[in-house]
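Just below is one structure, and these are the notes that go with it.
The values are calculated or read from the model by the stated rules, or taken from the named source; none is laboratory data. Keep in mind that this is a model prediction, so the values were computed, not measured. Note: ideal-geometry Cβ built from the backbone for every residue, glycine included; neighbour counts use all protein chains shown.
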Amino acid sequence: LSKKDFMNKKVLVTAGPTIEKIDPVRFLSNRSSGRMGYELAIEFANRGADVTLISGPTNLEPPTTINKIVRIESAEELRQKVLEHFEDSDIIIMTAAVSDLRIKNYSEQKLKKDKIVNLEMEKNPDIIKELGKRKRDGQILVGFAAETENLKENAMKKLKEKNMDMIILNDVSRKDVGFEKEENEVTIFTSKEEHRLEKNHKRIIAGNICDVIFSTFF
Ligand code: PMT
């Protein structure tokens with residue numbers, strides 16, 4: 001018997017990488033298979049939530065239990081779609097690995113080699129930071145942090161500066177968990193609490209994350 005602890009809750013999950021096109025043949029991206037986000041979306045749906053999954057390009061099969069799947073490529077497209085669904089969501093989980101940079105001028109023609117060594121870049125919008133500013137009482141904003149050093153310090157800084165309610169830390173310097181792996185090991189922080197989730201399959205980790213969200217906020 002599955003617990004339906006997220007019945008009547010609207011949950012927005014982002015997953016996968018964004019890609020920023022350079023020219024018709026090249027792009028800039030971030031490492032992410034989308035698996036962690038997809039497993040979270042599946043878990044929330046199993047527990048009764050009304051889930052919208054916004055996904056960057058992945059090789060994963062679209063989950064059959066989720067009827068609202070929105071595809072995006074760039075961070076700007078992700079931002080648009082997230083903002084479209086944000087108002088209506090009770091829980092927002094940003095698992096997506098958003099590219100921090102984009103190319104300033106997309107080239108319609110394939111660039112010659114001497115041009116691609118001097119590409120001009122600009123910053124992408126910080127989507128979760130914008131959500132942190134717009135958030136209303138009762139909305140729960142959960143971010144991820146992919147870090148390689150000063151793990152807790154960097155995660156806590158993001159939690160605070162972006163006005164998140166919870167942050168899930170991934171140590172991406174490890175080879176056995178994190179991006180593209182079947183398994184993950186994370187630490188969850190709120191401003192007051194810390195929960196360490198031992199290494200496990202991402203489906204189990206997703207279940208544990210749902211349990212912590214439920215016990216913390218409901
Ligand atoms: O997809 P998998 O292969 O299963 O791997 C999962 C994962 C390791 C990618 C995932 O668990 C993870 O850590 N995702 C977040 C990666 C990331 O972009 O971290 P960050 O520390 O750069 O960003 C912090 C938070 O801000 C994230 O919630 C991110 O979605 C968000 N962000 C980042 C940049 C930006 N411009 N806008 C954002 O909203």
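Applying the set (1) in contact (Cβ under 8 Å) with a residue 24 or more places away in the chain; (2) in contact with a Lys or Arg (Cβ under 8 Å, 6 or more places away or on another chain); (3) surrounded by fewer than 17 Cβ atoms within 10 Å (Cβ to Cβ) to residue 176 leaves exactly one unmet item: (1). Those helices (runs of 4 or more DSSP H) of region 96-164 in which 3 or more residues are more than 12 Å from the ligand (Cβ to nearest atom), over 18 Å from the mean Cα position of the chain (by Cα) and within 17 Å of residue 28 (Cα to Cα) occupy 113-116.
Here region 1-19 is the region considered, the condition is being buried (at least 18 other Cβ atoms within 10 Å of the Cβ) and touching a helix residue (DSSP H, G or I) at 6+ places or on another chain (Cβ under 7 Å), and the residue that is farthest from residue 107 (Cα to Cα) is 6. Kindly indicate whether any position in region 181-192 is surrounded by fewer than 15 Cβ atoms within 10 Å (Cβ to Cβ), closer than 19 Å to residue 91 by Cβ and either within 12 Å of the ligand (Cβ to nearest atom) or modelled with pLDDT of 95 or more (or both). Within region 181-192, one or more residues are surrounded by fewer than 15 Cβ atoms within 10 Å (Cβ to Cβ), closer than 19 Å to residue 91 by Cβ and either within 12 Å of the ligand (Cβ to nearest atom) or modelled with pLDDT of 95 or more (or both). Here 42, 22, 93 are screened, and the one residue that is among the hydrophobic types (A, V, I, L, M, F, W, C), out of contact with any His (no Cβ under 7 Å at 6 or more places or on another chain), surrounded by fewer than 23 Cβ atoms within 10 Å (Cβ to Cβ) and not in a helix (DSSP H, G or I) is 22. Scan region 159-173 and give yes if some residue there is charged (D, E, K, R) and in contact with a Lys or Arg (Cβ under 6 Å, 6 or more places away or on another chain), otherwise no. Yes.
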